[in-house]
Amino acid sequence: MDLKLFYLGEIADMTEAQIIEVEKLITSQIHGIVATNNPETGARLSALNNLRGQHLGALHYGTDATSQKAKNIAADPRFEVMYTDGNGSQVMLSGKAEILTDTATKESLWEEWMNEYSPEGPTGNGICIIRFKPESIRAMIV
């Protein structure tokens with residue numbers, strides 16, 4: 001197995017070429033597997049849809065505003081996400097997340113599937129946006 005990238009460390013220390021490889025993998029996937037910290041039960045895993053414009057500076061996901069994920073992030077902003085292509089490539093990112101509910105952010109990232117949770121569209125309260133700012137990474141891309 002030939003490796004295109006093997007990197008463990010801080011995102012701030014990555015080269016532009018390494019960032020490009022990681023972002024290619026992230027944007028080629030529909031979902032990321034995210035972990036939040038539930039104060040009562042510990043780590044909680046979920047699959048979340050990638051929203052458009054994903055890059056290592058900030059990754060965004062939409063979720064039901066009343067979801068356990070949103071509650072967990074409000075209580076503890078530590079957040080991890082994993083992407084894998086099923087062929088040996090994987091990227092795991094760690095950092096902090098925040099919940100955004102402002103209409104401008106929701107409008108800029110709104111997708112059709114979100115209407116199920118917020119029939120009023122981006123002005124409604126059914127969907128919130130998770131903004132994740134990764135700090136460290138474990139990446140192996142083949």
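The values are calculated or read from the model by the stated rules, or taken from the named source; none is laboratory data. No experiment lies behind these values; they were computed from the predicted model shown. Positions of Cβ are backbone-derived with ideal geometry, glycine not excepted, and every protein chain shown enters the neighbour counts. Surface accessibility is based on the protein's heavy atoms, side chains included, excluding ligands, DNA and RNA. Shrake-Rupley method; radii C 1.70, N 1.55, O 1.52, S 1.80 Å.
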For Glu135, placing the label point 7 angstrom along Cα-to-beta-carbon and taking segment 50-71, residues whose amide nitrogen sits under 19 Å are 56-60
Tell me, what is the per residue accessible area of the chain in Å², probe radius 1.4 Å? 53
Can you list the aspartates and glutamates whose alpha carbon is less than 13 Å from that of Lys24, not counting same-chain residues fewer than 8 positions off? Glu16, Asp85
Dipole in debye (nearest 20) - the chain, about Cα centre, beta carbon charges: Lys, Arg +1; Asp, Glu -1: 220
Taking a label point 7 Å from the Cα of His55 along the Cα→Cβ vector, which residues of segment 108-142 have an amide N closer than 17 Å to it? 108-109, 131-135
Helix axis angle, 16-27 relative to the chain longest principal axis, alpha carbon, degrees: 50
Out-of-range pairs (alpha-carbon distance over 25 Å; input Lys71/Lys106; Lys4/Lys106; Lys71/Lys133): Lys4/Lys106
Test of understanding: given the chain, find the longest segment containing no GluC sites (Glu not before Pro) that are in a DSSP loop and have at most 12 other Cβ atoms within 10 Å. 41-110
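Roughly to the nearest percent, how much of the accessible area of the chain is carbon and sulfur, given a 1.4 Å probe?
On the way: 3790 of 7480 Å².
Ligands and nucleic acids excluded, carbon and sulfur reach 51 percent.
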